[in-house]
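The values are calculated or read from the model by the stated rules, or taken from the named source; none is laboratory data. All values derive from a computational prediction rather than experimental measurement. All Cβ positions, glycine included, derive from the backbone under ideal geometry; neighbour counts span all protein chains shown.
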Amino acid sequence: MKTLLKLLNKYSYVLVFLVLETIAIVLLSNHNYYQHSRILNTNREITGYIYDRIDGTREYLSLKMTNEILVSENSNLRNKLADISLNKTELSIAEVQRLSYYTPARIVHSTVHKQLNYLTINKGRKQGVMRDMAVISEEGIVGIVLESSPNFATILPIINRDFRLSTKIKKNNFTGILHWDGNSPQQAVLNEIPYHADVQIGDTVITSGFSAIFPEGLHVGTISDYSLKEGNFYSIHIQLGTNFNNLFYVNVIKNYLQEEQRILEEKIKQ
Amino acid sequence: MIRIVGRNIIRFLVLLLIQVLVLDNILINAYLNPYFYVLFIVLMPFETPRWLLLVTAFMLGISVDLFTNTLGMHAFATVFMAFLRPWILSIFAPRDGYEPDTFPRVFYYGFNWFLRYSLVMVFLHHIALFYIEVFHFQDFLSTFLRVILSTLLTTSTIILSQYFIYRK
């Protein structure tokens, strides 16, 4: 007994080390986006509040650019409005059921140069932002809502190694999986395009609509480079439309048909 | 004694805030990420009980994690570094050992000693952190380059801090 205690005393340091590292590993492996965590939600409220305060300064410095973006967005919308009044008859189906609803939000915190980047926005459950909603910017898609607390939400952006999205090439509808290789925040990789597809530099890549999160046809980016991998697939580099270095305002999309599609797909699985 | 504890608590908070509010927002490059907060572990007094070193390292790491949404990652790396600290201190110990009432700083043990000591400590932290972050060995070399470059950046900021903030 005495020797045992002595031994424990001698190695208690190693023991504490092992216990703490185990806790860290458990936290690390449990903390993925399928798990809700109360602690994290409370924490998001607090850190979100702090970031919100700090972000005020950053915002002032970029007011001019933000103005320009808003002006161009305004004119875009005016153009679309003009188109709609011209082709009003074609829209009758869309008017029966509104497919999606846009919530504007401001980014209060973001990381760009890590492997696991996240964004925090200043809209949460109170404003109707729920997990699995799509987030877009004026230039293209941004990411998916991971978790939301009452006033803030965390977004998994394209530039996170955990991000996967089904996308397609606009001109020929070949679909593939978009992911991020962890190098440049301006580039992502598109895999699983078969090699008989006609791929050109400059082709537009859009969302495929297969995932129920993103509606079909949203701009993702353009092809900047491609090579033939071993096997029969291309490895394509995409120049992302969204500039994550300079992102301040986003729109969260609520897709009214998402729930319906999800329920239907789950029925098939059973 | 109380003064040292108080000073360390303040240092803990200040370094944490610098890390999450300033350094995490400075975007240089995917290969250059400064993790200045490890300075806290580097500067802990020599006589700190080893278990206390580990526990504070865990608390520091988890606090950074809470802000960056990477629960467990920084905690793992910081505890790993703190665990190896007594061993590294014994390797770099001067011939007569460390004198009482001194701290691991440039002021007491000179630039060369501090550079070697902090470089090794930061390297250990970064190698754990970056490999946990990518979680596989596929891009071994590009991750290693990231470790090396970030280690150099973090160490330089730590050395600079010795001359600007902790002059004595």
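Note on segment B:87-106: residues that are surrounded by 14 or more Cβ atoms within 10 Å (Cβ to Cβ) and either touching a residue at least 60 places away in the same chain (Cβ under 8 Å) or touching a helix residue (DSSP H, G or I) at 6+ places or on another chain (Cβ under 6 Å) (or both) amount to 6. The number of residues in segment A:222-248 being within 29 Å of A:R131 (Cα to Cα) and either touching a helix residue (DSSP H, G or I) at 6+ places or on another chain (Cβ under 7 Å) or loosely packed, with under 15 Cβ neighbours inside 10 Å (or both) comes to 4.
Taking the numbered list (1) modelled with pLDDT of 80 or more; (2) more than 9 Å from chain B (Cβ to nearest Cβ) in turn, A:E45 passes all entries but (1). Criterion first (crowded, with 16+ Cβ neighbours inside 10 Å, out of contact with any Cys (no Cβ under 6 Å at 6 or more places or on another chain) and modelled with pLDDT of 90 or more) does A:I136 satisfy it? No.
Looking only at residues in segment B:77-99 that are β-branched (V, I, T) and under 17 Å from the mean Cα position of the chain (by Cα), the one that is farthest from the other protein chains (Cβ to nearest Cβ) is B:I88.
Could you tell me whether segment A:144-160 includes any residue that is under 19 Å from A:V205 (Cβ atoms), within 12 Å of chain B (Cβ to nearest Cβ) and in a loop (DSSP other than H, G, I, E, B)? Taking every residue of segment A:144-160 in turn, at least one turns out to be under 19 Å from A:V205 (Cβ atoms), within 12 Å of chain B (Cβ to nearest Cβ) and in a loop (DSSP other than H, G, I, E, B).
Assigned to a helix (DSSP H, G or I), at pLDDT below 90 and closer than 22 Å to B:L16 by Cα: is that true of B:L66 in this structure? Here the answer is yes, as B:L66 does meet what is asked.
In the set (1) out of contact with any Phe, Trp or Tyr (no Cβ under 8 Å at 6 or more places or on another chain); (2) of a type in the set (S, T, N, Q); (3) within 10 Å of another protein chain (Cβ to nearest Cβ), the condition left unmet by B:T48 is number (3). For B:T102, the criteria (1) of a type in the set (S, T, N, Q); (2) over 18 Å from the mean Cα position of the chain (by Cα); (3) part of a helix (DSSP H, G or I) hold in every case but one, which is (3).
Of all residues in segment A:142-179, those satisfying the criterion of being of a type in the set (K, R) and surrounded by fewer than 19 Cβ atoms within 10 Å (Cβ to Cβ) are A:R161, A:R164, A:K170, A:K171.
Test A:I236 against the criterion of being in a strand (DSSP E or B) and among the hydrophobic types (A, V, I, L, M, F, W, C), and give yes or no. Spelling it out, A:I236 is indeed in a strand (DSSP E or B) and among the hydrophobic types (A, V, I, L, M, F, W, C).
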